[in-house]
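Data block below; observations after.
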Amino acid sequence: MIKTDNIKDIEKLINNKELFLFDFDGVVAHTERLQWEAYNIVLKRYKIVISKEKWLEYIGTSEQEIYKMIKKDFNVKFDSEEILKERFNVYLKLVREKDIKPFPLFTELFKRYTEPKYYILTSNSKEVVKDMLEYWGIYNRFEQIISVATAGITKKDVLVNTNKYMKVDKSNIIYFEDMDRNLKIANELEITTIGVEHEFNYNQLKNCDIVITGELV
């Protein structure tokens, strides 16, 4: 597997693609640690502390599924909708306090490639992602945010049916993702994939055409 921190190394994969599809957390910006921190802040009153090892089990799963896992793992009950709203607010506050910005490589893609359509496919809330993109002043650059958090669909559903959800054939898509299981699905569908490596998935990405590393680790 080739790893790179140089945008020139991915140009051949990107050139002539009609649509750039991005996961959000850990791909557009290094927000996974803040997600983890926000869970621990709102769940502290239940005496729950999610360790890094446990968080790695939860990453990439929808919000509602994570709450089900937490309730089972910690044998606790709480109102998921109430916690969800509180956690989103805490998360957005942390992003602003820590002045989190998109990855430099992501902003460089924006500058160099103006013709492709830009989509986001995320397990995060559509409202939260929209708020983040507006905060960074890049929301209008995206054609659509596809969230599987509450839509009753999975990322696989979207990747299998790209013509339905994005009006673009699989062969014309480049997919940026940080979860190996989602990269594997995309690869099996013959979608060109770029894995984005960071502290929570170091050396775990095996099912992609190339791995972006360096500044992200």
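Readers should treat all values here as calculations from the given coordinates under stated rules, not as data from a laboratory. In this text the structure is predicted, and so the values were computed from the model without any measurement. Don't worry about glycine lacking a Cβ; one is built from the backbone with ideal geometry, like all the others, and counts go over all protein chains shown.
Of note:
- Within a Gaussian network of the chain (alpha carbon springs, distance under 10 Å), most fluctuating of Phe88, Phe106, Phe176: Phe106
- Column: log10 I(q)/I(0), Debye, Cα scatterers of segment 101-203, q = 0.21 Å⁻¹: -1.40
- Contour excess over end-to-end distance, with Cα ends at Asp5 and Lys52 and 0.36 nm allotted per residue: 14.4 nm
- Taking one quarter of the surface of the C-alpha convex hull of segment 32-97 gives a mean projected area of 4.1 nm².
- Orientation-averaged projection of the chain equals 11.4 nm² [convex hull of Cα atoms, one quarter of hull surface area].
- Inter-label distance, Thr150 to Thr114: 3.7 nm, where each label sits 7 Å from its Cα along the C-beta direction.
- Lys3 sits among other residues whose Cβ lies under 10 Å from its own Cβ, and their net charge, with Lys and Arg +1 and Asp and Glu -1, is -3.
- Value of relative contact order over the chain, rounded to a whole percent, pairs C-alpha under 8 Å and six or more apart: 30 percent
- As a length-normalised measure over Cα pairs under 8 Å and 6 or more apart, the relative contact order of segment 74-186 settles at 20 percent.
- Across segment 29-92, the mean sequence separation of Cα contacts (distance under 8 Å, 6 or more residues apart), normalised by length, yields a relative contact order of 46 percent.
- Every helix of 4 or more DSSP H residues in the chain counts as -39500 (n - 2.57), and over all residues that averages to -12500 deg cm²/dmol at 222 nm.
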